[in-house]
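A short worksheet on the structure shown next.
What follows draws every value from the coordinates through simple rules; no lab data is involved. Computed from a predicted structure; not experimentally measured. Here the Cβ is made from the backbone with ideal geometry for all residues, glycine too, and neighbour counts use every protein chain on show.
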Amino acid sequence: MQISKTAVAAAMVAAAWTGAAAAEGRDVTIVLNEEVDVMEPCMVGRQNISRIISQNITERLTEYNYRDGGIMPRLATSWEQVDEDTWRFHLRDGVKFHDGGDFTAEDVIFSIQRNQNPNLPCEVGAKFFGGIDFSFETPDPHTLEITTSPPSPILPLLMAVMPVESRAATPENEFTRAPVGTGPYVFDSWDVGKSIKLARNPDYWGEQPIVESASYVFRADSAVAAAMVQAGEADIVPSIAIQDATDPETDFSYPNSETTRIRINTLEPPLDDRRVREALNLAIDREAMIGTLFSEDVQIATQLVVPTTMGYNKDIEPFPYDPDRARALLAEAKADGVPVDMPIHMIGRVNQFANATEAMEAIAAMLREVGFNIDLQMNDVSVWNTYFVKPFPDDDGPSLTQAQHDNAMGDPVFTAYVKYHSDGAHSMVSDPELDTAIEKATAATGAEREALWQKVFARANDEIIADIMLFHMVGYTRVSPRLAFTPTIATNLELQLSQIGFND
């Protein structure tokens with residue numbers, strides 16, 4: 001989506017940027033909408049942490065090609081499946097960590113085990129490695145055989161989300177504050193709450209990138225962040241609100257693979273009653289939010305993966321807006337003794353996406369309108385995370401949690417276990433039938449895999465109703481004309497500095 005401005009105004013802005021570029025050389029400033037509370041590679045499941053660290057400081061064995069869906073070599077040069085349970089990865093030789101240490105198979109083993117360390121609340125381990133047991137063989141320092149239980153037919157794809165850290169420079173049982181990887185940029189400094197700086201790695205094993213250094217600053221207000229680029233004070237704002245995407249010279253829109261939802265605590269009354277969960281969904285006027293609080297290009301979601309994901313179930317219908325039916329369901333449940341008048345805590349996250357607070361306020365009002373007793377609390381990411389990731393607070397009670405999930409990798413294995421399995425780190429569902437369905441789909445291949453994932457989403461969204469599904473999102477990014485950079489679906493979760501050039 002691009003909205004016209006006059007050519008004169010665009011030319012004036014471009015001229016201002018040219019001057020800024022001359023003054024700033026090959027450095028870039030990136031504006032993020034939330035402060036990061038950790039600089040830990042195993043937490044790159046969080047959007048803004050990933051935009052700083054992923055493929056800049058740390059790298060993965062493989063890299064997902066967002067353009068054609070293939071898998072590319074990165075720290076692994078090649079791989080092959082040995083048997084149903086085991087894959088062999090051939091690692092790149094001659095790679096050094098930022099501290100000068102050699103990259104070997106032992107670092108990969110350390111990184112996988114650290115991501116599964118029960119003493120660390122690692123997002124990557126929780127989201128992507130849940131329910132998988134790993135064992136390893138190292139025929140030599142640059143050959144690694146990984147055996148998984150259950151078998152993982154897409155292990156090379158799974159390795160495209162696993163950051164490799166230095167075992168010599170990384171604490172095993174606590175978060176690091178100065179990550180050491182093999183990437184084209186080194187961690188330089190962190191002025192907590194203000195900025196983070198990366199510098200180009202002069203000893204990088206690959207091609208030297210053009211950008212010399214990057215500074216990351218934090219601005220919660222989308223309009224303020226967008227204006228910084230307009231004024232030549234910054235170069236990229238990865239996420240701006242729809243109302244601020246007004247300049248065709250600088251603003252890009254793209255499907256960003258994110259799906260917004262409100263997670264329902266299905267384990268606590270009154271939300272443990274399916275009628276109440278259906279009423280929650282019927283109370284939401286999704287159409288009214290399209291083109292206002294959300295982009296006119298979003299799609300109403302029926303499940304937690306986007307339509308291009310293998311296993312997406314096209315037979316699941318969206319809930320209609322039917323407040324009268326919602327009231328009737330609540331009345332029916334109340335007559336059966338369900339405590340529908342109980343206060344329900346609605347946990348929101350400030351700046352999780354553009355207009356996040358306004359959207360939650362609108363949804364809370366819709367729920368109150370049909371009779372729900374809603375207590376809305378908007379929190380920063382550090383507080384919100386205590387409600388979103390296990391172990392949940394003991395006094396959480398009936399709750400609804402604002403959430404957004406990215407699956408740009410094309411397979412529901414990155415979604416279903418963590419969100420819906422009884423042991424999933426983000427799950428508020430306990431359903432043995434759904435657990436079995438997830439486990440079977442995870443180990444399946446081909447057409448069977450796709451059919452089994454479709455059954456998983458039918459169970460979670462049609463039969464259980466685990467969420468208030470909202471929208472498949474569209475992202476807006478503002479980019480300075482001095483840069484040669486076009487956002488893609490990948491920009492939602494990573495921002496590789498090595499992919500940025502300059503328009504000289």
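Here the stretch 427-504 is treated with +1 on each Lys and Arg Cβ and -1 on each Asp and Glu Cβ, and its dipole about the Cα centre works out to around 440 debye. When Rg and the Kirkwood Rh are both derived from Cα coordinates, the Rg/Rh ratio for the chain amounts to 0.97. With the dipole of the stretch 255-475 worked out from charges on the C-beta (+1 for Lys and Arg, -1 for Asp and Glu) around the Cα centre, which of Thr357, Leu304, Leu271 lies farthest toward the positive end? Projecting each Cα onto the dipole axis, the largest value belongs to Leu304.
Of the residues Gly232, Trp87, Tyr387, the one whose Cα sits farthest towards the positive end of the charge dipole of the chain is Gly232 (charges of +1 on Lys and Arg Cβ, -1 on Asp and Glu Cβ, taken about the Cα centre).
May I ask you to derive the relative contact order of the chain, considering only C-alpha pairs under 8 Å and at least 6 residues apart, and to give it as an integer percent?
This gives 22 percent for the chain.
Our note on the geometry: Cα centres of the stretch 77-143 and the stretch 346-402, 36 Å apart. If you take the Cα centroid of the stretch 270-292 and the Cα centroid of the stretch 322-339, the two points sit 13 Å apart.
For the chain, give the share of DSSP beta bridges that are antiparallel, in percent and rounded to the nearest 5; count only bridges with both residues there.
In the chain, approximately 75 percent of DSSP beta bridges are antiparallel ones.
Each principal axis of the Cα cloud of the stretch 54-179 was taken in turn, and the coordinate range along them, longest first, works out to 37, 34, 32 Å. Available extension along the chain between Asp68 and Ser149 is 26.2 nm, counting 0.36 nm per residue and deducting the alpha carbon span. Remark on the stretch 255-475: hydrodynamic radius 17.5 angstrom, per the Kirkwood mean of 1/r across alpha carbon pairs.
Residues of the stretch 249-264 with backbone nitrogen within less than 15 Å of a virtual label 7 Å along the Cα-to-Cβ line of Ile290, please, listed as ranges. Backbone N within reach: 260. Report the one residue of Val108, Pro171, Thr143 whose Cα lies farthest in the direction of the positive end of the charge dipole of the stretch 54-179 (charges on C-beta: Lys and Arg +1, Asp and Glu -1; origin at the Cα centre). Going by the charge dipole, the pick is Pro171. Per residue of the stretch 320-332, what does 6.51 cos²θ - 1.76 cosθ + 1.60 with θ = phi - 60° give for ³J(HN,Hα)? Whole Hz please, x for Gly and Pro, Karplus curve as stated. Once rounded to whole Hz, the list reads x, 7, 9, x, 5, 5, 4, 4, 5, 5, 5, 5, 5. To the nearest 20 Debye, how big is the dipole of the stretch 231-291 about its Cα centre, given +1 on the beta carbon of each Lys and Arg and -1 on that of each Asp and Glu? Dipole size: approximately 600 debye. Computed over the alpha-carbon pairs of the stretch 249-326, the distance histogram in 5 Å steps reads 3, 12, 18, 21, 20, 14, 7, 3, 1, 1, 0 percent, short to long. Please tell me which of these pairs span more than 32 angstrom C-alpha to C-alpha: Lys127/Lys334; Lys334/Lys440; Lys127/Lys314; Lys96/Lys390? Check vs 32 Å cut-off fails for Lys127/Lys334; Lys334/Lys440; Lys96/Lys390. Helices in the chain, meaning DSSP H runs of at least 4 residues, each add -39500 (n - 2.57). Divided by all residues, the mean residue ellipticity at 222 nm is -7500 deg cm²/dmol. The phi-based Karplus calculation (6.51 cos²θ - 1.76 cosθ + 1.60; θ = phi - 60°) puts the 3J(HN,Hα) values of the stretch 404-417 at 9, 10, 9, 9, 8, 8, x, 9, x, 4, 7, 10, 5, 4 Hz, whole numbers, x for Gly and Pro. Protection proxy ranking of 466-479, 125-138, by the mean of other Cβ atoms within 10 Å over each peptide's residues and highest first, is 466-479, 125-138. Counting only Cβ charges, +1 for Lys and Arg and -1 for Asp and Glu, the dipole size of the stretch 279-431 around its Cα centre is about 120 debye.
So, R0 is 60 Å and r is the distance between the beta-carbons of Asn503 and Glu80; what FRET efficiency does that work out to, to 0.05?
Details: r = 42 Å, r/R0 = 0.70.
Taking R0 as 60 Å, the efficiency between Asn503 and Glu80 is 0.90.
Remark: the stretch 380-385, residue by residue, has Karplus-estimated 3J(HN,Hα) of 6, 4, 5, 6, 3, 5 Hz, where x stands for each Gly or Pro and the curve is 6.51 cos²θ - 1.76 cosθ + 1.60 at θ = phi - 60°. Residues whose amide H falls under 5 Å from that of Asp247, counting only those 5 or more places apart or on a different chain, are Ile3, with hydrogens built in the peptide plane.
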